[in-house]
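Colleague: Before we start, here is the structure in question, set down as structure tokens.
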Amino acid sequence: MGRIPIPRETLHLPAPQVPLRRDTRSTSRTSLPGNPLAPSAARRFTRAALADWTSLGLLATCTFCQGDEGCSPGEHSTDLLADDAVLIVDELVTNAVVHAGTTVELLCRLEDPGEDASGTPEGEGGEPAAVVLEVSDHHPARAIQSDATGQAPAGTPEYGRGLQLVAALAERWGITYRSGLKTVWARLPLEGRDPGRDQGTEPALRRGLRAAEILAPATRRTVRDDPEWTGRGALSFLAEASELLAGQLDEDLVAALAGQLLVPRLAEWCAVWLDGEGGQHGAAPRLARVWHEDEARIEPLRRILEKEPPRLPVSPRGGPVRMPWPGEGAGTGSGSGPVSGPDSGSGADSGGASGAALACRLVANGRALGTLLLGRPGQGPVPDEVTALIEDFARRVALAIGAARRYTRQVTISRVLQRGLLPSQVARIPGIASSLVYEPSDDGLAGGDFYDVFPCPPGDRWCFMLGDVQGSGPEAAVVTGLARPWLRLLAREGYRVGAVLDRLNRLLLDNATEAAESAPLMVAASATSAASGVSSPSATPSPPSESGQPRFLSLLYGELMPLPGAGGAVRCTLASAGHPLPLLLRPDGTVRPAAEPQLLLGVVEQVAFESSTFDLEPGDTLLCVTDGVTERRSGRRMLDDGDGLARALAGCVGLTAQGVAERIRQVVHGFDETPPEDDVALLVLQAT
């Protein structure tokens, strides 16, 4: 059950000074990324630091009841101090993220009585114990505009009231400039933090009202009202917008970010329409995002805009075009805007009686991808510098949407290829329980690892494979698409394990040789066409270094034959060609390799592959993995260093095939905090 908070105005005890025990743990620091998630992380970190100091006894007594029964030491002081500290930290970190955009350093420090804000003792009768909060960014050239009282000069655009809040809550605050670093610090004394009416109700109340006044909603000034910012801050805005948009791989997220970047900096509201993929002729654009500085007006505005999307001519430049204000009805202009009927409401629903609406076609590489529509209140014309800034911003949005679509298209193709390259299901083998784990990497590229389990006629033999093609992407997918059907064909033709690998090795080498011989011919044909003035994109050859490059293949291939009358034993014959060796787990916990290492396939022509044969007795478990398991990294260490995989398998005695597979999968993921960078594939075969 949570502790019931004690209201400040209900306590009437004096506020003694809180003694501190000097400790190396009285300083906590962290580094935060310069993005919108930093303020929430800073709030959590500050509360955690104060709670840790209380639990460690660094805050020795409570400012309210001095450790009386019913109150743990430091309980109330931490609550009250945390409220003020979190407010200050939140505002300062937000200020650093919005205005500087660099990594933010946060430091929380307990000061002994007599120390100044820098930690230097000041002798007897010095300052009382305090908590000092420091927020630093790496943009020292950006000066904070404020006077000595923390008041921003008249007309200064700002996002929040950080410095005024600091001045209202802190005993003292200041700014320190160092080489490559700017730090804003605030000092919160522990003495006198009493909410009682007899010992400071009025000062506390006045301070609380002052903070409420600062945080209260007011008419927000935005940079669209500041002509100086348009010229001085435009480059920084575009650079930050480009960096943020370029990292997004989903077109709807790009549209959402575009709205939040524009509103309220340059517009009161905006909307983004996205054309269909491939620009299908006649397909209606999709209203992907509507954003308004007043969230209550987003849905009314959406209803108006959904009536009819703006229609603009497609031009390579895609510059801004003046449009009618939503809700005003049809107007004149370069294009017909989002005009609505009589039942759609008035212009007030879109954020005001009237204003200036601009639309930009989102064009990237000569292809129209959508439309950006935004509104600015007021009847005056939009300044030329603002129009140019919006046009430049729209160009960056279009490039980000185009990149997101290319990524989505690539991932879709890869998934289709992956489904076609891998079997829809694996065969069930009499006397064998099997379990498969296959987790492709998240790079969106097809190819890489592959697997298969299938029966061979006349029905007394089952074959299995686990392979890994060098590299990834389309070229690796081609090899995977060749290797798996070839293996099935050779196995069903009656070839045994060693012979299958011999023939697959020659096929891979022949395929690479043919590709290498065809590359010069394609280049020569292309040169002839270019000399004659004939050019066809479809006839453009792949670079010789790519088309002629051999693709190596590591493969574990084997066959299983149940032995009639042998008490459930299954004979296993397998061979490993440059692949991580399979491991055999006995019921007594012993683990040994089940094959001998041999060369990769597709490297040397004159090589004879050999196989190993043994019996899987009931309870025996065979683990087959790809290098995504054995080479799973954590710093410089790999999972299989010092026989790490064998030790993990030895701990799986008594587990089912599915249990073993899940245990090894957990070991792979738990080896490092970051997700695996390579495909993870493992096959468990257990004799029952």
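Colleague: Considering only residues that are under 15 Å from Ile88 (Cβ atoms) and either surrounded by fewer than 13 Cβ atoms within 10 Å (Cβ to Cβ) or not small (Gly, Ala, Ser) (or both), which ones fall in the range 45-60?
Modeller: Restricting attention to the range 45-60, the residues satisfying the condition of being under 15 Å from Ile88 (Cβ atoms) are 45-47, 49-50.
Hits for the range 45-60 are Phe45, Thr46, Arg47, Leu50.
Colleague: Let me spell it out: the conditions are (1) at pLDDT below 85; (2) of a type in the set (D, E, K, R); (3) surrounded by 20 or more Cβ atoms within 10 Å (Cβ to Cβ), and Arg311 meets all of them except one. Which number is the exception?
Modeller: Failing condition for Arg311: (3).
Colleague: Working only within the range 1-59, note down all residues that are among the β-branched types (Val, Ile, Thr) and either at pLDDT below 65 or assigned to a loop (DSSP other than H, G, I, E, B) (or both).
Modeller: So in the range 1-59, the residues among the β-branched types (Val, Ile, Thr) come out as 4, 6, 10, 18, 24, 27, 30, 46, 54.
Ile4, Ile6, Thr10, Val18, Thr24, listed by residue number.
Colleague: Does Gly101 count as within 38 Å of the chain's Cα centre (by Cα) and either part of a loop (DSSP other than H, G, I, E, B) or modelled with pLDDT under 85 (or both)? I'd like the intermediate steps shown before the answer.
Modeller: On the way: within 38 Å of the chain's Cα centre (by Cα): yes; either part of a loop (DSSP other than H, G, I, E, B) or modelled with pLDDT under 85 (or both): yes.
Yes: the conditions hold for Gly101.
Colleague: Let me ask another. Being open to solvent by less than 40 Å² (accessible area, probe 1.4 Å) and either in contact with a Ser or Thr (Cβ under 8 Å, 6 or more places away or on another chain) or under 16 Å from Cys360 (Cβ atoms) (or both) is the filter here; which residues of the range 393-406 pass it?
Modeller: Phe393, Ala394, Val397, Ala398, Ala400, Ile401, Gly402
Colleague: Where residues in the range 407-433 are outside any helix (DSSP H, G or I) and open to solvent by less than 60 Å² (accessible area, probe 1.4 Å), which of them is nearest to Val254 (Cα to Cα)? Show your work before the answer.
Modeller: Going through the range 407-433, the residues outside any helix (DSSP H, G or I) turn out to be 422-433.
Imposing the further condition that a residue be open to solvent by less than 60 Å² (accessible area, probe 1.4 Å) reduces the set to 422-423, 426-427, 429, 431-433.
Details: Leu422: 33, Pro423: 36, Val426: 40, Ala427: 44, Ile429: 49, Gly431: 53, Ile432: 50, Ala433: 47 Å.
The qualifying residue nearest to Val254 (Cα to Cα) is Leu422.
Colleague: Out of (1) touching a Pro at 6+ places or on another chain (Cβ under 6 Å); (2) modelled with pLDDT of 90 or more, what's the single condition that is false for Glu299?
Modeller: All conditions pass for Glu299, except number (1).
Colleague: Out of (1) modelled with pLDDT under 50; (2) under 26 Å from Asp52 (Cβ atoms), the odd one out for Gly155 is which?
Modeller: Tallying (1) modelled with pLDDT under 50; (2) under 26 Å from Asp52 (Cβ atoms), Gly155 fails exactly one: (2).
Colleague: Among the residues of the range 557-584, which ones are assigned to a strand (DSSP E or B), in contact (Cβ under 8 Å) with a residue 40 or more places away in the chain and farther than 18 Å from Ile429 by Cα?
Modeller: Residues of the range 557-584 that are assigned to a strand (DSSP E or B), as a first pass: 557-562, 570-577, 583-584.
Cutting the leftovers down to in contact (Cβ under 8 Å) with a residue 40 or more places away in the chain gives us 557-562, 570-575, 577, 583.
Once the filter is applied, which keeps residues that are assigned to a strand (DSSP E or B), in contact (Cβ under 8 Å) with a residue 40 or more places away in the chain and farther than 18 Å from Ile429 by Cα, the range 557-584 yields Ala575, Ala577, Leu583.
The values are calculated or read from the model by the stated rules, or taken from the named source; none is laboratory data. On a predicted model such as this, the values are computed, not experimentally measured, just so you know. Counting neighbours? That spans all protein chains shown, and the Cβs are built from the backbone with ideal geometry, glycine included. To get the accessible areas, we keep the full protein, side chains included, count just its heavy atoms, and leave off ligands, DNA and RNA. Shrake-Rupley method; radii C 1.70, N 1.55, O 1.52, S 1.80 Å.
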